[in-house]
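Each remark here refers to the structure printed beneath this line.
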Amino acid sequence: MTMQINKILVTGGAGMVGSNLVKRLVKEGKEVLVVDNLWRGKISYLNDETGKPVIPLETHFFNRDLSEKDACDDLAGMVDCIVHLADVVAGIDYVFNNQGYLFRQNLLINSNVISSANKAKDTLNGFVYAGTACSFPLTRQNSLEVIPLREDELYPAMPESAYGWSKLMGQYEAELLEKEANVPVSVLMFHNIYGAPCDFGERSQVIPALIRKAINYPQEAFHVWGSGNQGRAFIHVDDAVEALWLAINKGLGRGTIQIGPSVCTSIREIAEMIVKISAKPIDIFYDLSRPEGDKARSADFTKAAKLLSWSPKISLEEGLRRQYEWIKHQLME
């Protein structure tokens, strides 16, 4: 029997993925609560095209630090489903220079939210956990010979970063929630999500950082970290939101599902696409002194296609053009 889900709590709901998901849920007629400490998210991201918030902020938005114990106990008891997106993450420089802090914070955030879900188990009909491809073993991501990752390759565990480990621990605890509290859980392991709205400053991830550099060029040098040979499976935020919507409707109780394209795109290709979009005579400099992270990865999304009827729809070039225009508009304001 399908459980009724009408009221949903989105943690990290003022971030890039969260704000887009909130808008989708509201469009689908759902009542949405948002909790976010605004570390990277912004209240303005929850506005529609006319500049008005899509949810009543005074009653449905909560600025809270989820690393604090019992921070969302009351909110969990008010909803049918929780979509847990909140975590601490940023660009590769931040991730590798703050591993201890990031690991501890994410452990606390995940454990506290799942604990709140456990306390609300009698009224909670679903829990969606946003995992990451960074949790896959380094041994499957340290070669430029790319074989799409499968869900059954997650263990034995050996993520490269503290971020990957912290997200894997949260994933495991979410699975325990289903096992012990009988709350149907869906774990979506996302590959590299990009799109707008987004942080494009010093803590930003590779695509928004390169777009900012291209827009500012020549005042800002177009430096690419590493050789550019390293690659990722990039997924547009609209495709990620579609996967989350499908997970709420079809994925609860169906285990871990990987979300991402089967194609691995190198950072060099991304840089060249962005230069083309900019229509500027940009000199690309590859800074070999900077970290690259995992060498390459892509997704075997067979399970997502089978269980959720999901596949990526937004082409990389189209997605990059959309994000370029959004960041350009922000920088001109």
Relative contact order of the stretch 122-183, please, whole-number percent, based on alpha carbon pairs below 8 angstrom and at least 6 residues apart. 44 percent
Which angle between 0 and 90 degrees, to the nearest 10, do you get for helix 237-246 versus the longest principal axis of the chain when only C-alpha atoms count? 20 degrees
Hey, what's the stretch 211-254 come to in accessible area per residue, 1.4 Å probe, Å²? 32 Å²
Could you list the square roots of 5 times each eigenvalue of the Cα gyration tensor of the stretch 153-240, that is, the equivalent ellipsoid semi-axes, sorted largest first and rounded to whole Å? 34, 16, 11
Kirkwood hydrodynamic radius, computed over distinct alpha-carbon pairs, for the stretch 244-293: how many Å, to one decimal? 14.8 Å
Determine the share of the stretch 214-303's accessible area contributed by carbon and sulfur atoms, expressed in whole percent, with a 1.4 angstrom probe. 51 percent
For the stretch 17-67, how big is Rg over Rh, using alpha carbon atoms and the Kirkwood form of Rh? 0.94
To the nearest 10 degrees, the tilt of helix 99-119 (Cα long axis) against the first principal axis of the alpha carbons of the chain is 30 degrees
Looking at Q141, A233, N216, which one has the Cα that reaches farthest to the positive end of the dipole of the stretch 84-235 (charges on Cβ: Lys, Arg +1; Asp, Glu -1)? N216
For the stretch 109-266, the convex hull over Cα atoms projects on average to an area in nm² of 10.5 nm²
Quick one: divide the alpha-carbon radius of gyration of the stretch 229-324 by 2.2 N^0.38 Å and tell me what you get. 1.28
For a 18 Å ceiling on Cα separation, which of these pairs sit above it: K213/K280; K121/K250; K30/K250; K69/K119? K121/K250
Using the Cα atoms of the stretch 4-106 to build a convex hull, what is its mean projected area in square nanometres? 7.1 nm²
Explain nothing, just the number: dipole magnitude of the chain about its Cα centre with +1 on each Lys and Arg Cβ and -1 on each Asp and Glu Cβ, in debye rounded to the nearest 20. 380 debye
When the Debye formula is applied to the Cα atoms of the chain, each taken as the same point scatterer, what base-10 log of I(q)/I(0) results at q = 0.12 Å⁻¹? -0.81
For the chain: relative contact order, % (alpha-carbon pairs under 8 angstrom, 6 or more apart): 18 percent
So the pair-distance distribution of the stretch 95-170, from every Cα-Cα distance in 5 Å bins, comes to percents of 3, 15, 21, 19, 16, 13, 8, 4, 1, 0
Read phi for every residue in the stretch 144-156 and hand back ³J(HN,Hα) as whole Hz from Karplus 6.51 cos²θ - 1.76 cosθ + 1.60, θ = phi - 60°, with x for Gly and Pro. 6, 7, 9, 10, x, 6, 10, 4, 6, 9, 5, 10, x
Using a probe radius of 1.4 Å on heavy atoms only, what accessible surface per residue do you get for the stretch 2-120? Whole Å² is fine. 43 Å²
Using Cα springs under 10 Å in a Gaussian network model of the chain, which residue among P56, P312, P208 shows the largest mean-square fluctuation? P56
Within a Gaussian network of the chain (alpha carbon springs, distance under 10 Å), most fluctuating of M273, M169, M189: M273
With everything on Cα atoms, drop me the angle between helix 206-216 and the longest principal axis of the chain, reported from 0 to 90° to the nearest 10. 50 degrees
Student exercise, the stretch 1-149 dipole from Lys, Arg, Asp, Glu Cβ charges, in Debye to nearest 20: 160 debye
Volume per residue of the C-alpha convex hull in the stretch 48-134, rounded to whole Å³: 137 Å³
Using only the C-alpha atoms of the stretch 190-247, find the volume of their convex hull and express it per residue in Å³. 92 Å³
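The values are calculated or read from the model by the stated rules, or taken from the named source; none is laboratory data. Keep in mind that this is a model prediction, so the values were computed, not measured. Positions of Cβ are backbone-derived with ideal geometry, glycine not excepted, and every protein chain shown enters the neighbour counts. Side chains included, ligands, DNA and RNA excluded: accessible areas come from the protein's heavy atoms. Shrake-Rupley method; radii C 1.70, N 1.55, O 1.52, S 1.80 Å.
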